[in-house]
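Asks: I have a structure here, written as structure tokens, and I will follow up with some questions on it.
The values are calculated or read from the model by the stated rules, or taken from the named source; none is laboratory data. Predicted model only: the values in this text are computed from it and were never measured. So basically every Cβ, Gly included, is an ideal-geometry build from the backbone, and we count neighbours across all protein chains shown. These accessible areas exclude ligands, DNA and RNA; they are computed on the full protein's heavy atoms, side chains included. Shrake-Rupley method; radii C 1.70, N 1.55, O 1.52, S 1.80 Å.
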Protein chains: 2
Amino acid sequence: VTLPQGFLGASADAGIRKKRAPDVALIVAESGANAAAVFTRNRFQAAPVQIAKRSLTKSGGRVRAVVVNAGCANAITGRAGHDAARRVQRRAAELLGCRPEEVFPASTGVIGVVLPDEKLSAALPEAIAALSPDGLEAVSRAILTTDSGPKVAEATFLFGGVTRRLSGFCKGAGMIHPDMATMLAFLLTDAALTPAALKTALREAVDVSFNAISVDGDTSTNDTVLLLSSGKGKRAPSKADSNSFRVALQGVCKALARMIARDGEGATRLMALEVRGARSRRDARLAANAIATSPLVKTALFGGDPNWGRILAALGRSGARFSPAKVSLRVGPLTLVADGEPVPYEERDAAAVFAQEEVPIVVDLGEGGESATVLASDLSHGYVTLNADYRS
Amino acid sequence: VTLPQGFLGASADAGIRKKRAPDVALIVAESGANAAAVFTRNRFQAAPVQIAKRSLTKSGGRVRAVVVNAGCANAITGRAGHDAARRVQRRAAELLGCRPEEVFPASTGVIGVVLPDEKLSAALPEAIAALSPDGLEAVSRAILTTDSGPKVAEATFLFGGVTRRLSGFCKGAGMIHPDMATMLAFLLTDAALTPAALKTALREAVDVSFNAISVDGDTSTNDTVLLLSSGKGKRAPSKADSNSFRVALQGVCKALARMIARDGEGATRLMALEVRGARSRRDARLAANAIATSPLVKTALFGGDPNWGRILAALGRSGARFSPAKVSLRVGPLTLVADGEPVPYEERDAAAVFAQEEVPIVVDLGEGGESATVLASDLSHGYVTLNADYRS
């Protein structure tokens, strides 16, 4: 699997996580890349998140290398964690001959443990020696924690009359992972886009993909989505080129986000939830989040039980503005509630919908034109087992 | 077990719930009672909740009888459900010789099913014939659903130079119950208090008891807490009497709330969480709620794993205003985080605290003087099993 033009990748085993396997991913943009990123909004931002944010500003949105480690989130580690992440950044810059702020750090793993930076720095020369245009698989594997396998999605698109590529890979099986905090996603393209254009496109794509999935409602200290463009060319892209790129980006982000939801800890079934007819986008989101994170809705989903009272009870406590008498609820092709009144239905028909691997649920508030969608996993015994396991 | 003076109680089997057992509880205040109540804030309020609210206003805070049924929540049942509940109210008033608005209805059970009111009305004469001052046990049993047993608490207090009594009973093993929605609590006293005085005391007591427990973060369509005073006497109570009553009321409410948390669906362990040092009460509550409802914190509690990174990650997404650098975390006698920096500790000491039946957790935001406490259950395999069970 080849990376888009201008990118090289490799992994190395630094011995940071318990199980020996590559745990460091290195991506290098040979001539540098324009970059945009979005980060977790958790108040406890991990040291690498804080440093990546500042570095991106300082470098004017330019990135030369990305250094990711699994096995240690380096979050809530105070001064010591910050210094450790900075030492790795400086060491990578030395080895690659760039400025420290052009090295973008990301970490995933246990919270509260300081990054063993000597181990990571010691593994960098090995990774650099292994850099290759075929490194996509290596880097997509090195960043994993409890994921069941690598998550990669690709698209091609017409841009300036040339076919360009977008490769994305990510990790995550929960908004936050236990020991192993977090969702990370990396998107690489060889189309030429400015940091500002990348930022706009990325925010839009993340909104309809990574921000529209829910495993457990918990968000992490390390979440990072990074978009890099290695393409050269100063000319602003045409409207058609921009659109072509946006479609590709949204497609790749949605595909990756769906992989995360499907691989959600212990997940056996998904709900594809749409809240429509809301007065505002905020109301739609409040409603969708309350339903998607309700333990009662999620256990009913696991049990294949079309227990719709739980869906509306969660809606009722969501804080969204609506009138109960205007609410309708559809599950697959069945209308269960119309204008606030229950509609007779065959239990076996509803059970058949809830037996599907993906259950479509539409809640219409009947108030306005705004909507929100969430793809959410169920709450299973597997989830409890995975997360009740003692860390050590 | 005798009820406070002025109250009679009885139960009857109306055949509303599947398992045959008394499912109707009747409480009669022989000469009427002053009343105050608090209800669910869920936007989908069940028909009995809507009717009880209106009736209490219409009667000027006077209640002659309370009619409770288990097995059917009569929530999200539209016009038909409303009419059914009203018919029961009118029938009870006829039989007892009072005004309909003096009959206080409450229901608990499946959402979306209309109350079979003919069954309930048909059982009322049997319940009336059985009314007795010793009916506390009967009524406390008739309102149960998945509860493991009756939840009763009592207190005596000095009031106007006389020893008065307060008896409370409730049901609930989750903020909402699947089939069997809801928490209901009834508090009866023979001390003389006005509806206004009852209201003030009740709000204060509920705030530190029923509003400070969490099983799954879901709230129900039927939650009701009713406080009745049968005492006669127009004179306003002295300050000492008021205090004596408030202490008794808070004690009984806290005892009942603790029983609900302990009996939480699948609960094996509780966390006694305190968030202090918040800038406002709202900030303290936001933080406490995020931690108490986090699936990752709750599964760690189930697993006996002192995984403190999850506690702070939940705090970080809570929306509470705080600075990470000022946060401290204590678990039992151990300080794990001080001023945002991890403090070295012995893993086995922390594990010993998390092995306790009740785990004390104190999060100090270091910002101000406000605090909030929550008693929350863990998230266990038992919870998933109970709630993934198909309704039929």
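Asks: Residues in segment B:324-331: is at least one polar (S, T, N, Q) and over 30 Å from residue B:19 (Cβ atoms)? If you could, list the steps in order and put the result at the bottom.
Replies: Residues of segment B:324-331 that are polar (S, T, N, Q), as a first pass: B:328.
Now drop any that are not over 30 Å from residue B:19 (Cβ atoms), which leaves B:328.
Yes: segment B:324-331 contains one or more residues that are polar (S, T, N, Q) and over 30 Å from residue B:19 (Cβ atoms).
Asks: So residue B:129 clears everything in (1) surrounded by 18 or more Cβ atoms within 10 Å (Cβ to Cβ); (2) away from chain A (no Cβ under 14 Å) except one condition, right? Which one?
Replies: All conditions are met except number (1).
Asks: Quickly run through segment B:301-340 and pick out the residues that are more than 17 Å from residue A:44 (Cα to Cα) and in contact (Cβ under 8 Å) with a residue 24 or more places away in the chain. Working first, answer last.
Replies: Here is the first cut: in segment B:301-340, the residues more than 17 Å from residue A:44 (Cα to Cα) are B:301-306, B:330-335.
Passing the criteria: B:301, B:302, B:304, B:305, B:306, B:330, B:331, B:332.
Asks: Scanning for something more than 18 Å from the chain's Cα centre (by Cα) and in a helix (DSSP H, G or I), does segment A:245-259 turn up at least one residue?
Replies: Taking segment A:245-259 and keeping what is more than 18 Å from the chain's Cα centre (by Cα), we get A:245.
Restricting the remaining residues to those that are in a helix (DSSP H, G or I) gives A:245.
Yes, there is a match, as at least one residue in segment A:245-259 is more than 18 Å from the chain's Cα centre (by Cα) and in a helix (DSSP H, G or I).
Asks: Further question on the same structure: Which residues, counting only those in segment A:98-113, are assigned to a loop (DSSP other than H, G, I, E, B) and either under 18 Å from residue A:60 (Cα atoms) or open to solvent by less than 60 Å² (accessible area, probe 1.4 Å) (or both)? Before the answer, list the steps.
Replies: Taking segment A:98-113 first, the residues assigned to a loop (DSSP other than H, G, I, E, B) are A:98-99, A:111-113.
If the condition is that a residue be assigned to a loop (DSSP other than H, G, I, E, B) and either under 18 Å from residue A:60 (Cα atoms) or open to solvent by less than 60 Å² (accessible area, probe 1.4 Å) (or both), then A:98, A:99, A:111, A:112 are the ones that fit.
Asks: How about segment A:17-45: which of its residues are at pLDDT 95 or above and in a loop (DSSP other than H, G, I, E, B)?
Replies: A:22, A:23
Asks: Does residue B:41 fit the bill of being under 21 Å from the mean Cα position of the chain (by Cα) and within 28 Å of residue B:246 (Cβ to Cβ)? Give the steps one after another, and end with the answer.
Replies: Details: under 21 Å from the mean Cα position of the chain (by Cα): yes; within 28 Å of residue B:246 (Cβ to Cβ): yes.
Yes; evaluated as a whole, the condition is true for this residue.
Asks: Are any residues in segment B:366-386 of a type in the set (Ser, Thr, Tyr) and either touching a Cys at 6+ places or on another chain (Cβ under 6 Å) or more than 14 Å from every other protein chain (Cβ to nearest Cβ) (or both), and if so, which ones?
Replies: Within segment B:366-386, the first condition is being of a type in the set (Ser, Thr, Tyr), and the residues that meet it are B:371, B:373, B:377, B:380, B:383, B:385.
Within segment B:366-386, B:371, B:373 qualify.
Asks: Considering only residues that are at the interface with chain B (Cβ under 9 Å from one of its Cβ atoms) and either open to solvent by 40 Å² or more (accessible area, probe 1.4 Å) or assigned to a loop (DSSP other than H, G, I, E, B) (or both), which ones fall in segment A:322-341? Explain how you work it out, then say what you get.
Replies: At the first step, the residues of segment A:322-341 found to be at the interface with chain B (Cβ under 9 Å from one of its Cβ atoms) are A:322-325, A:327, A:336-337, A:339-341.
If the condition is that a residue be at the interface with chain B (Cβ under 9 Å from one of its Cβ atoms) and either open to solvent by 40 Å² or more (accessible area, probe 1.4 Å) or assigned to a loop (DSSP other than H, G, I, E, B) (or both), then A:322, A:323, A:325, A:327, A:339, A:340, A:341 are the ones that fit.
Asks: Can I ask one more? Using beta carbons and a limit of 6 Å, which pairs, at least six apart or on different chains, have the first residue in segment A:32-49 and within 22 Å of residue A:207 (Cα to Cα) and away from chain B (no Cβ under 14 Å) and the second one open to solvent by 10 Å² or more (accessible area, probe 1.4 Å) and of a type in the set (Lys, Arg)?
Replies: A:36/A:199
Asks: Continuing with the same structure: Testing residue B:60 on (1) among the small types (Gly, Ala, Ser); (2) touching a residue at least 60 places away in the same chain (Cβ under 8 Å); (3) in contact with a strand residue (DSSP E or B) (Cβ under 7 Å, 6 or more places away or on another chain), one condition comes back false. Which one is that?
Replies: Single failed check for residue B:60: (3).
Asks: Moving on to the next point. Of the residues that make up segment B:252-275, is at least one within 30 Å of residue B:324 (Cα to Cα) and among the basic types (Lys, Arg)?
Replies: Yes, segment B:252-275 has at least one match.
To keep it simple, each residue is scored yes or no on (1) assigned to a strand (DSSP E or B); (2) of a type in the set (A, V, I, L, M, F, W, C); (3) touching a helix residue (DSSP H, G or I) at 6+ places or on another chain (Cβ under 8 Å).
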| position | (1), (2), (3) |
| --- | --- |
| A:266 | no, no, yes |
| A:275 | yes, yes, yes |
| A:290 | no, yes, yes |
| A:297 | no, yes, yes |
| A:302 | no, yes, yes |
| A:306 | no, no, yes |
| A:310 | no, no, yes |
| A:315 | no, yes, yes |
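Asks: Next question. If only one of B:167, B:140 is modelled with pLDDT of 95 or more, of a type in the set (S, T, N, Q), in contact with a strand residue (DSSP E or B) (Cβ under 8 Å, 6 or more places away or on another chain) and not in a helix (DSSP H, G or I), which one is it?
Replies: Values: B:140 fails: not in a helix (DSSP H, G or I).
Only one candidate passes the filter, namely B:167.
Asks: Among the residues of segment B:354-372 satisfying the criterion of being surrounded by fewer than 17 Cβ atoms within 10 Å (Cβ to Cβ) and part of a strand (DSSP E or B), which is farthest from the chain's Cα centre (by Cα)?
Replies: Ranking the qualifying residues of segment B:354-372, first place goes to B:360.
Asks: Separate question: Test residue A:293 against the stated conditions and say whether it is at the interface with chain B (Cβ under 9 Å from one of its Cβ atoms) and under 15 Å from residue A:211 (Cα atoms).
Replies: Numbers: at the interface with chain B (Cβ under 9 Å from one of its Cβ atoms): yes; under 15 Å from residue A:211 (Cα atoms): yes.
Here the answer is yes, as residue A:293 does meet what is asked.
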